[in-house]
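My questions will all concern the structure given below.
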């Protein structure tokens, strides 16, 4: 049975504050350590206590990058979870819960009620131990080895002292042994023994961005907390001491962005992070970055708008906004990582582009990717290249805005030479002083915009999966995972479909895009917004028609099987398939 | 030795007789008195007539957005504490558009000096009320007179225990230069609010009006700027007699000192790969 494929979804649900995330992250770590393929989905509400939150993990014996519909194992920490997720359970699904708190619901999969406090009396003093009992029970149900988990518990709780480790181990064993003692339940899922344990980092998208920034030598991070960007902020703060980064909580996003520019001007690499509403407040300073030619990296972790929208949900609707944000015309780059590895490497790339072109670079992510865990190859930091661009020491006759053919002027840092560095938000002369000479204006505007030409040459090539030219699914940013899985599924089912994922969204270049898209006969664009924003941009740049759009705006990410079914509807009809359908219709 | 000519720059575009000239001269004198070289000084400003000042003396300049001089100035100082950083702007720039940043700069207590050219009116946009315009003053957009009460930047700063709160007058350049030099030397955030006549739009608070009223708090040898309550009382004084000088002084811990930021070491990343791999281990 060792080679049997398996694919399970585990859902842990409860009220905010019941520790679903802690248990979810522990499980994610366990499965990564065991060498399983894993992907997560976190759904939470904009509240601190109560409500209904859940953490989902899908584990599989083959590579997966997203969730699918349904739940095989439900850990219900409150009654509401049973009620809410009942419809996601099938006949084989198992719901685990504490009999003392939750009433079983007949007709919803198989009810596995545990008497938690009898199994582990320690749960009486602290209900959080119940979660560790469930962890043991899950391991026994799945037939997973327990040693790696015990080691992990020791490592996780090590800082809290021996007593905490001992109690957690006891809770874990109590859950494990209880299930192992029940022949009806033990090893019910027979997940194979560790597959191919490749080392993997346990990082979500936002942590990967922060690590990328640290790797790129970022020295300053300023932000105002805003979901779902806040974990970039927290991770940066956690790294600050070791990585020599100043992390400052600004009074508002306006200050955050202006601080980033002040720090960048003074000579360090600087970044801020926010979500749509905060980005809106940064926009004037974004334009300032364009005028000062001041490098800056801005993370926009999208959530559904307009306005406050759905603070803890996901969407890809800020694309048009970030591409056009800011008064006047100036070059900027917009990057949209598709997974944690891209979060890391594109952040490094963002800093290099920002410095080399002396422009703002926006990293466009969203709640789904921000909170997403999966199999992440350890980042090879020796491959990180720090390119600070054209930096000189300010000599006596230094001027900041020297006119050059490619628009990039030698950059100097204040105090690092006998000369002075003059940066001005007004239109300015080469030496940085404000001017109203309109001929200078023409030259300076052209100089700034000249960078676009070289930037277009650096447009990142989209990644392609599949060899079929009949149908192409187009996607960008965090839709990568669900699209990969959906296209894989369709290919397995015999459909001729490939996938193209864009991680650079701006600036684009029409002739390159046309050459990339030309071989495909039917184009289907998948994105998390109502307007088909990327499809529209592609059309504007290439005059190529996107044949179909699959859009989602309910605040949730795409799911593999749902998405595959939607894509299937838009595929070019296969000759034989068309006949069959016509015959059926005649009947 | 630095001299005034080291700070020579382009010609100002201010109205003839503007109070800004006196402030410009006082800043230069203060920097020369402290023997600061022009490349060691960073002037950050926003937008307005006052905010053009950094262009008019040779030094590093970050002339950013209206109201946003303080965030840029504070960040530059955090990143490179070796720079002498001044944030310069008018009353609209610093107390209106940038009012929130002013409050939080008081909290952070970063070692920069804020100089507010306070002419109690909007000059560059031609004569609207500013946050410090007196109640009842009629303008083109407040034809029935300003309804809101003016901000008192001094009481505001003292109430938040700002370590250095001073008021100068652009008609007394030598005294103002002394205040600015003292503000720069103060370890922490220093505020210098400067009474500055606007010759074009403020026909009430003229040079003559101020000359007749201002007096140096030091004239009374018993005035103790370290007494918070006395300082608050002094800052409230306005009318026939207007106090100038160091109104309040106290020593709190400065931001970079609290966080242990000493030099511009944020620019340097030694042995970095080792550090990174160390960090990544936490996520393995």
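Going through the stretch A:408-428 one residue at a time, which ones are in contact with a helix residue (DSSP H, G or I) (Cβ under 7 Å, 6 or more places away or on another chain), in a loop (DSSP other than H, G, I, E, B) and within 14 Å of chain B (Cβ to nearest Cβ)?
Answer for the stretch A:408-428, where residues must be in contact with a helix residue (DSSP H, G or I) (Cβ under 7 Å, 6 or more places away or on another chain), in a loop (DSSP other than H, G, I, E, B) and within 14 Å of chain B (Cβ to nearest Cβ): A:413, A:414, A:415, A:417, A:418, A:419, A:420, A:425, A:427.
If I filter the stretch A:283-297 down to residues being assigned to a helix (DSSP H, G or I) and in contact with a strand residue (DSSP E or B) (Cβ under 7 Å, 6 or more places away or on another chain), which single residue comes out as farthest from residue A:408 (Cα to Cα)?
Step one: list which residues in the stretch A:283-297 are assigned to a helix (DSSP H, G or I), which gives A:283-292.
Narrowing the set further to residues that are in contact with a strand residue (DSSP E or B) (Cβ under 7 Å, 6 or more places away or on another chain) leaves A:286, A:289-290, A:292.
Working: A:286: 18, A:289: 14, A:290: 12, A:292: 12 Å.
Taking the candidates together, the pick is A:286.
Let me ask something else. Here are some conditions: (1) away from every other protein chain (no Cβ under 11 Å); (2) farther than 16 Å from residue A:282 by Cβ. Residue A:229 meets all but one. Which one does it not meet?
Status for residue A:229: all satisfied but (2).
Can you tell me which of (1) touching a strand residue (DSSP E or B) at 6+ places or on another chain (Cβ under 8 Å); (2) over 23 Å from residue A:415 (Cβ atoms); (3) surrounded by fewer than 22 Cβ atoms within 10 Å (Cβ to Cβ) is the one residue B:23 doesn't meet?
So the condition that residue B:23 fails would be (3).
Residue B:42: closer than 26 Å to residue B:169 by Cβ, within 13 Å of chain A (Cβ to nearest Cβ) and part of a helix (DSSP H, G or I), yes or no? I'd like the intermediate steps shown before the answer.
On the way: closer than 26 Å to residue B:169 by Cβ: yes; within 13 Å of chain A (Cβ to nearest Cβ): yes; part of a helix (DSSP H, G or I): no.
Criteria not met by residue B:42.
Let me ask you something else. Among the residues in the stretch A:114-131, are any within 28 Å of the chain's Cα centre (by Cα) and within 19 Å of residue A:15 (Cβ to Cβ)?
Step one: filter the stretch A:114-131 for residues within 28 Å of the chain's Cα centre (by Cα), giving A:131.
Of the ones still in play, those that are also within 19 Å of residue A:15 (Cβ to Cβ) are A:131.
Within the stretch A:114-131, one or more residues are within 28 Å of the chain's Cα centre (by Cα) and within 19 Å of residue A:15 (Cβ to Cβ).
Evaluate the stretch A:208-219: report whether one residue or more is touching a strand residue (DSSP E or B) at 6+ places or on another chain (Cβ under 8 Å), assigned to a helix (DSSP H, G or I), within 9 Å of chain B (Cβ to nearest Cβ) and at negative phi.
Checked the stretch A:208-219: no residue is touching a strand residue (DSSP E or B) at 6+ places or on another chain (Cβ under 8 Å), assigned to a helix (DSSP H, G or I), within 9 Å of chain B (Cβ to nearest Cβ) and at negative phi.
In the list A:405, A:462, which residue meets the criterion of being touching a helix residue (DSSP H, G or I) at 6+ places or on another chain (Cβ under 7 Å), free of Cβ contacts under 8 Å to residues at least 60 places away in the same chain and surrounded by fewer than 22 Cβ atoms within 10 Å (Cβ to Cβ)? Even if it seems obvious, please write down each step before you answer.
Values: A:405 fails: touching a helix residue (DSSP H, G or I) at 6+ places or on another chain (Cβ under 7 Å).
Residue meeting the stated conditions: A:462.
Going residue by residue through the stretch B:51-63, is there one that turns out to be assigned to a strand (DSSP E or B) and farther than 27 Å from residue A:240 by Cβ?
First pass over the stretch B:51-63, keeping only residues assigned to a strand (DSSP E or B): B:60-63.
From what's left, farther than 27 Å from residue A:240 by Cβ: B:61, B:63.
Yes, some residue in the stretch B:51-63 is assigned to a strand (DSSP E or B) and farther than 27 Å from residue A:240 by Cβ.
So which residues in the stretch A:338-351 are touching a strand residue (DSSP E or B) at 6+ places or on another chain (Cβ under 6 Å) and more than 19 Å from residue A:382 (Cβ to Cβ), if there are any at all?
Those that are touching a strand residue (DSSP E or B) at 6+ places or on another chain (Cβ under 6 Å) and more than 19 Å from residue A:382 (Cβ to Cβ): A:338, A:350.
May I pose another question? Taking the criterion of being crowded, with 20+ Cβ neighbours inside 10 Å and facing another protein chain (nearest Cβ under 9 Å), would at least one residue in the stretch A:434-455 satisfy it?
The answer is no; no qualifying residue exists.
Could you grab me the full set of residues in the stretch B:45-65 that are at negative phi and more than 9 Å from chain A (Cβ to nearest Cβ)?
B:45, B:49, B:50, B:51, B:53, B:56, B:57, listed by residue number.
Would you pick out the residues in the stretch B:1-39 that are away from chain A (no Cβ under 12 Å), within 21 Å of residue B:194 (Cα to Cα) and assigned to a loop (DSSP other than H, G, I, E, B)?
Of everything in the stretch B:1-39, those that are away from chain A (no Cβ under 12 Å), within 21 Å of residue B:194 (Cα to Cα) and assigned to a loop (DSSP other than H, G, I, E, B) turn out to be B:14, B:15, B:16, B:17, B:18, B:19, B:34.
Restricting the search to the stretch B:66-84, which residues are more than 7 Å from chain A (Cβ to nearest Cβ), surrounded by fewer than 24 Cβ atoms within 10 Å (Cβ to Cβ) and out of contact with any strand residue (DSSP E or B) (no Cβ under 7 Å at 6 or more places or on another chain)? Working first, answer last.
Here is the first cut: in the stretch B:66-84, the ones more than 7 Å from chain A (Cβ to nearest Cβ) are B:66-67, B:69-70, B:77, B:81, B:84.
Those still in the list that are surrounded by fewer than 24 Cβ atoms within 10 Å (Cβ to Cβ) too: B:66, B:81, B:84.
Those that are more than 7 Å from chain A (Cβ to nearest Cβ), surrounded by fewer than 24 Cβ atoms within 10 Å (Cβ to Cβ) and out of contact with any strand residue (DSSP E or B) (no Cβ under 7 Å at 6 or more places or on another chain): B:66, B:81.
Regarding residue A:388, is this residue surrounded by fewer than 24 Cβ atoms within 10 Å (Cβ to Cβ), touching a residue at least 12 places away in the same chain (Cβ under 8 Å) and in contact with a helix residue (DSSP H, G or I) (Cβ under 7 Å, 6 or more places away or on another chain)?
Details: surrounded by fewer than 24 Cβ atoms within 10 Å (Cβ to Cβ): yes; touching a residue at least 12 places away in the same chain (Cβ under 8 Å): yes; in contact with a helix residue (DSSP H, G or I) (Cβ under 7 Å, 6 or more places away or on another chain): yes.
Yes, satisfied.
Please list, ordered by residue number, the helices (runs of 4 or more DSSP H) wholly in the stretch A:306-378 having 1 or more residues that are without any contact (Cβ under 8 Å) to a residue 12 or more places away in the chain and in contact with a helix residue (DSSP H, G or I) (Cβ under 8 Å, 6 or more places away or on another chain).
Working: elements: A:319-324, A:340-357, A:367-370.
Once the helices (runs of 4 or more DSSP H) in the stretch A:306-378 are filtered for at least 1 residues that are without any contact (Cβ under 8 Å) to a residue 12 or more places away in the chain and in contact with a helix residue (DSSP H, G or I) (Cβ under 8 Å, 6 or more places away or on another chain), nothing remains.
Counting just the residues of the stretch B:85-102 that are within 13 Å of chain A (Cβ to nearest Cβ) and over 13 Å from the mean Cα position of the chain (by Cα), which one comes out nearest to residue B:25 (Cα to Cα)?
Restricting to residues being within 13 Å of chain A (Cβ to nearest Cβ) and over 13 Å from the mean Cα position of the chain (by Cα), the top hit is B:97.
Separate question: Would you be able to tell me the number of residues in the stretch A:211-233 that are without any contact (Cβ under 8 Å) to a residue 40 or more places away in the chain and buried (at least 24 other Cβ atoms within 10 Å of the Cβ)?
Counting residues in the stretch A:211-233 that are without any contact (Cβ under 8 Å) to a residue 40 or more places away in the chain and buried (at least 24 other Cβ atoms within 10 Å of the Cβ) gives 1.
So that you can scan it fast, the table gives a plain yes or no per residue for (1) without any contact (Cβ under 8 Å) to a residue 24 or more places away in the chain; (2) under 25 Å from residue A:117 (Cα atoms); (3) buried (at least 22 other Cβ atoms within 10 Å of the Cβ):
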{"residue": "A:38", "(1), (2), (3)": "no, no, yes"}
{"residue": "A:42", "(1), (2), (3)": "no, no, yes"}
{"residue": "A:47", "(1), (2), (3)": "no, no, no"}
{"residue": "A:50", "(1), (2), (3)": "no, yes, no"}
{"residue": "A:57", "(1), (2), (3)": "no, no, yes"}
{"residue": "A:75", "(1), (2), (3)": "no, yes, yes"}
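Looking at the stretch B:248-255, can you tell me whether even one residue there is in a helix (DSSP H, G or I) and within 14 Å of chain A (Cβ to nearest Cβ)? So that I can check it myself, show each step before the final result.
Restricting attention to the stretch B:248-255, the residues satisfying the condition of being in a helix (DSSP H, G or I) are B:255.
From what's left, within 14 Å of chain A (Cβ to nearest Cβ): B:255.
Looking through the stretch B:248-255, at least one residue is in a helix (DSSP H, G or I) and within 14 Å of chain A (Cβ to nearest Cβ).
Right, another one. Could you identify the single residue in B:66, B:101 that is in a loop (DSSP other than H, G, I, E, B), at pLDDT 95 or above and in contact with a helix residue (DSSP H, G or I) (Cβ under 8 Å, 6 or more places away or on another chain)? Don't jump to the end; show me each part of the working.
Values: B:101 fails: in a loop (DSSP other than H, G, I, E, B).
Result: B:66 is the single residue among B:66, B:101 that is in a loop (DSSP other than H, G, I, E, B), at pLDDT 95 or above and in contact with a helix residue (DSSP H, G or I) (Cβ under 8 Å, 6 or more places away or on another chain).
Do we have residue B:218 as part of a helix (DSSP H, G or I), touching a helix residue (DSSP H, G or I) at 6+ places or on another chain (Cβ under 9 Å) and closer than 15 Å to residue B:166 by Cβ here? Outline the logic, then answer.
Numbers: part of a helix (DSSP H, G or I): yes; touching a helix residue (DSSP H, G or I) at 6+ places or on another chain (Cβ under 9 Å): no; closer than 15 Å to residue B:166 by Cβ: yes.
So residue B:218 fails the test.
Being under 10 Å from residue A:221 (Cα atoms) and more than 9 Å from chain B (Cβ to nearest Cβ) is the filter here, so list the residues in the stretch A:233-268 that pass it.
Selection gives A:233, A:236, A:237, A:240, A:247, A:249.
Filter the stretch A:246-280 for residues that are over 24 Å from the mean Cα position of the chain (by Cα), touching a residue at least 40 places away in the same chain (Cβ under 8 Å) and in a helix (DSSP H, G or I) and give the result.
A:263, A:264, A:265, A:266
The values are calculated or read from the model by the stated rules, or taken from the named source; none is laboratory data. Bear in mind the structure is a predicted one, so any value in this text is a computation, not a measurement. Ideal geometry is used to build each Cβ from the backbone, glycine not excepted, and the neighbour counts take in all protein chains shown.
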